[in-house]
Amino acid sequence: MKLKAILAAALLAVGMSVSAQTIIKFSHVVAADTPKGKASVFFAQRAGELTKGKVKVEVYANSALYKDKEEMEALQIGSVQMLAPSLAKFGPLGVKEFEAFDLPFIFDDTADLHKVTQGPVGAALLAKLEPRGIKGLAYWDNGFKSFSANTPLKAVADYKGKKFRIQSSKVLEEEIRSVGGIAQVMAFSEVYQALQTGVVDGTENPISNFYTQKMHEVQKHLSLTNHGYLGYAVIVNKKFWDGLPADVRGQLEQAMNEATVYANKIAQEENDMSLDGVKKSGKTTVYVPTKEERMALKKAMAPVHTKMADRVGKDTLQQIYQATGFDPSTL
């Protein structure tokens, strides 16, 4: 009888231990070997270590669970607990200020960028998500975007009439219009096939996304314009986050801080390696615009800042300009 009681108690303890483990489903839409993919795995590992197994983070890469348009709703209803969507995703959600990150040539380099994402402006933007049931934890870099197509992209006139895939963003639509192109909103997971079949002529991506999604197999030309930034906000379901014990939240915040340092460190390295991979493939001609060509593209896209100021919020825009020292009147 005593043995049965001991066994029952042991089984109960095991059951309690299993049920005490918190599962975080972390979904994203890019390949596992991108900066975001690697950083999410890094976070999962550190979360497990720092919480001593109390939390298990399950990472689902490459739209395995949800596509672009589905993942935000899945987070809000609690089907997943964590995402790292690109910043353009928050405009359609109603927080249009995030679309300021889509403005062409707003950041000269990552140093300028981090003055915003790691400063008070970035924190204030994340706070705007909370009324929508979302808690913003961090910004992760991917890199600066370049244009690709099946014909060379050198002069501004080369963009005219071409269909470019973009994320859902009014700012990006205006960016493409500013050079005479046709913007086509499309889920990231559908881009390769769309390029392959000619549904769209080209796209804009950081090189790591371009290479890991094998777009170099279906795009003959890549122009290193570095015209815009693509980054992510790591977000969680706020109700879920607030329901965690304070000590666990603190451990996860530490894991996220470490993952953010790691993500931002490898972003440039991954883009450099991917560019090397594109060149070695021999399938895509890589072009570096001249100083004059890049300035011409910059001037053609400059009106986007003025046209979109009301949408993204003039106050937000001025705060970003002040943080970075950007002066649109110099274009």
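The values are calculated or read from the model by the stated rules, or taken from the named source; none is laboratory data. Not measured: the values here are computed from a predicted model. Cβ sites come from the backbone with ideal geometry, for glycine too, and all protein chains shown count toward neighbours.
A few points about this structure:
- Consider the stretch 177-193 and keep the residues that are in contact (Cβ under 8 Å) with a residue 40 or more places away in the chain and assigned to a loop (DSSP other than H, G, I, E, B). The one that is farthest from the chain's Cα centre (by Cα) is V179.
- Residues of the stretch 254-283 classified as of a type in the set (K, R) and under 18 Å from the mean Cα position of the chain (by Cα), total: 1
- The residues on offer are L230, L244, L224, and the sole one that is touching a Lys or Arg at 6+ places or on another chain (Cβ under 6 Å) and farther than 13 Å from M82 by Cα is L230.
- The stretch 57-90 - residue that is among the aliphatic types (A, V, I, L, M) and farther than 16 Å from L129 by Cβ and, of those, surrounded by the most Cβ atoms within 10 Å (Cβ to Cβ): V57
- Cβ-Cβ under 6 Å pairs, at least 6 apart or on other chains, the stretch 297-323 side under 12 Å from E174 (Cα atoms), far side in a loop (DSSP other than H, G, I, E, B): A300/V179; M301/P104; A302/L331; V304/P104; H305/L103
- Candidate set: the stretch 231-250, residues that are of a type in the set (A, V, I, L, M, F, W, C) and surrounded by 21 or more Cβ atoms within 10 Å (Cβ to Cβ); chosen: the one nearest to T203 (Cα to Cα): A233
- Hits in the stretch 229-243 (condition: of a type in the set (A, V, I, L, M, F, W, C) and either within 9 Å of the chain's Cα centre (by Cα) or closer than 19 Å to Y262 by Cβ (or both)): L230, A233, V234, I235, V236
- If the condition is being under 24 Å from A47 (Cα atoms) and crowded, with 21+ Cβ neighbours inside 10 Å, then the stretch 123-135 contributes L126, I134.
- If you go through the stretch 39-55 and keep only what is part of a helix (DSSP H, G or I) and either in contact with a helix residue (DSSP H, G or I) (Cβ under 6 Å, 6 or more places away or on another chain) or buried (at least 21 other Cβ atoms within 10 Å of the Cβ) (or both), you end up with A39, S40, F42, F43, R46, A47, L50.
- Scoring T34 on the criteria (1) surrounded by fewer than 22 Cβ atoms within 10 Å (Cβ to Cβ); (2) at pLDDT below 95; (3) closer than 14 Å to W140 by Cβ leaves a single failure, condition (1).
- Residue identified as touching a Ser or Thr at 6+ places or on another chain (Cβ under 9 Å) and closer than 26 Å to Q219 by Cβ among G143, G161: G143
- Residue match in the stretch 95-115 (condition: more than 30 Å from M295 (Cα to Cα), under 17 Å from the mean Cα position of the chain (by Cα) and either among the hydrophobic types (A, V, I, L, M, F, W, C) or crowded, with 21+ Cβ neighbours inside 10 Å (or both)): yes
- The residue of the stretch 157-188 that is farthest from V288 (Cα to Cα), among those that are surrounded by fewer than 18 Cβ atoms within 10 Å (Cβ to Cβ) and β-branched (V, I, T), is V185.
- Candidate set: the stretch 128-176, residues that are among the hydrophobic types (A, V, I, L, M, F, W, C) and free of Cβ contacts under 8 Å to residues at least 24 places away in the same chain; chosen: the one nearest to N205 (Cα to Cα): I176
- Test for L222: is it of a type in the set (A, V, I, L, M), surrounded by 19 or more Cβ atoms within 10 Å (Cβ to Cβ) and not in a helix (DSSP H, G or I): yes
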